[in-house]
Amino acid sequence: MKTLWVLLGIAAALPALFWLGLQVKPVSLRPFPREGAVLGTIPLPPDLPPPVDRYYRAAYGDEIPMIESAVISGRAQLRIAGILFPSLFRFTHVAGHDYRHYIESTVFGLPLIRVNESYVDGRSRLELPFGVTEGEPKVAQAANLGLWAESIWLPSVFLTDRRVRWEADDENTARLIVPFDEQEEEFVVRFDPATGLIRTLESLRYKNETSAEKTLWVNEVLAWDDREGKLVPGEASVTWIDEGVAWAVFTVDEIIYNADVADYVREKGP
């Protein structure tokens, strides 16, 4: 009987112990080991839709930095099965073409879940502790939208990639048309009327390979950071509209631009 009470006590304590572990913030990922390169610039193109022109002028001025790659690292809160896990992330982009995600979700600051996800050469791969999904068309559609949504951290690609175009909507909204294989996808981009900066990018995205229909997917910039006189998202959230609450909030600690990531984007881990 004494053993039973001990076991019951341990079982009762486990949820509290787990909750305590979720309060421990993990140590940041080591700094990205490769240096970035000096950014060239291009003049802001004429004839952009008014809210798009206003955004670029507010964030960058008349000269837009040419960004060919970006490595974005930081901290996150990820909602998994309704539980918020403190997490670390590193997103690596070859502008407009490829990306790789590395994510650690932690308990007591130690990795519990590791995610390696990539969209390279138009092929998606999602590697989770409980399985791998690769080459699924609906996952590729979702990954392609992820590539372009995260390009808000390297927005010159929205102006320099000939496959991309902006279309006018109203004074605080525009449509961003991006490529997907031989097709096109669309974001509705909403701009803050007070600051001119991007507030949300909204698109219709498959949740997974078994989704019968697309779901409205909302990327929202929660805060902007001034980095060497340029404004970039410092905190952003991602929400499936049918869930009504963000499943991820990302806070950026480091951005490295124009480093050589041709091989790194095909690797795994941090």
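The values are calculated or read from the model by the stated rules, or taken from the named source; none is laboratory data. All values reported here derive from a predicted model rather than from experimental measurement. Cβ placement follows ideal geometry from the backbone for every residue including glycine, while neighbour counts extend to all protein chains displayed.
Residues being closer than 23 Å to P33 by Cα, at pLDDT 95 or above, of a type in the set (S, T, N, Q) and not in a strand (DSSP E or B) are represented in segment 252-268 by at least one member. Taking residues in segment 119-132 that are assigned to a loop (DSSP other than H, G, I, E, B), and partners anywhere that are at pLDDT below 80, not one pair has Cβ atoms closer than 6 Å while being at least 6 places apart or on different chains. If you go through segment 138-174 and keep only what is of a type outside the set (A, V, I, L, M), touching a residue at least 24 places away in the same chain (Cβ under 8 Å) and assigned to a helix (DSSP H, G or I), you end up with K138, Q141, N144, G146, W148, E150, S151, W153, T160. Tell me which residues, restricted to segment 211-243, are outside any strand (DSSP E or B), surrounded by 11 or more Cβ atoms within 10 Å (Cβ to Cβ) and of a type in the set (D, E, K, R). K214, E243, listed by residue number. Of all residues in segment 94-120, those being more than 24 Å from S203 (Cα to Cα) and crowded, with 19+ Cβ neighbours inside 10 Å number 4.
In segment 196-208, the residues that are closer than 8 Å to A142 by Cα form Cβ pairs under 6 Å with partners that are part of a strand (DSSP E or B), at six or more places apart or across chains, as follows: R205/W217; K207/T215. Looking across segment 121-145, the residues that are surrounded by fewer than 16 Cβ atoms within 10 Å (Cβ to Cβ) and modelled with pLDDT of 90 or more come down to D121, G122, R123, P137. Of all positions in segment 21-32, at least one carries a residue that is at pLDDT 85 or above and polar (S, T, N, Q).
Pairs are defined by a Cβ separation below 9 Å, a sequence spacing of at least 6 or placement on different chains, a first member in segment 87-109 that is on the phi > 0 side of the Ramachandran plot, and a second member that is assigned to a strand (DSSP E or B) and at pLDDT 95 or above; the pairs so defined are G96/V178; G96/P179; G109/P86. State whether one or more residues within segment 46-61 are in contact (Cβ under 8 Å) with a residue 24 or more places away in the chain and under 30 Å from D263 (Cα atoms). Yes, the conditions are met somewhere in segment 46-61.
Taken as a whole, the structure leaves G109 outside the set of residues that are among the small types (G, A, S), at pLDDT 95 or above and out of contact with any helix residue (DSSP H, G or I) (no Cβ under 6 Å at 6 or more places or on another chain).
Selection of first residues in segment 217-245 that are free of Cβ contacts under 8 Å to residues at least 24 places away in the same chain and over 11 Å from L201 (Cα atoms) and of second residues that are among the hydroxyl-bearing types (S, T, Y) and outside any loop (DSSP other than H, G, I, E, B), restricted to Cβ pairs under 6 Å at least 6 apart or on distinct chains, gives the following pairs, ordered by first then second residue: E235/T251. Residues of segment 193-210 that are of a type in the set (G, A, S) and either under 15 Å from L145 (Cβ atoms) or in a strand (DSSP E or B) (or both): S203 alone.
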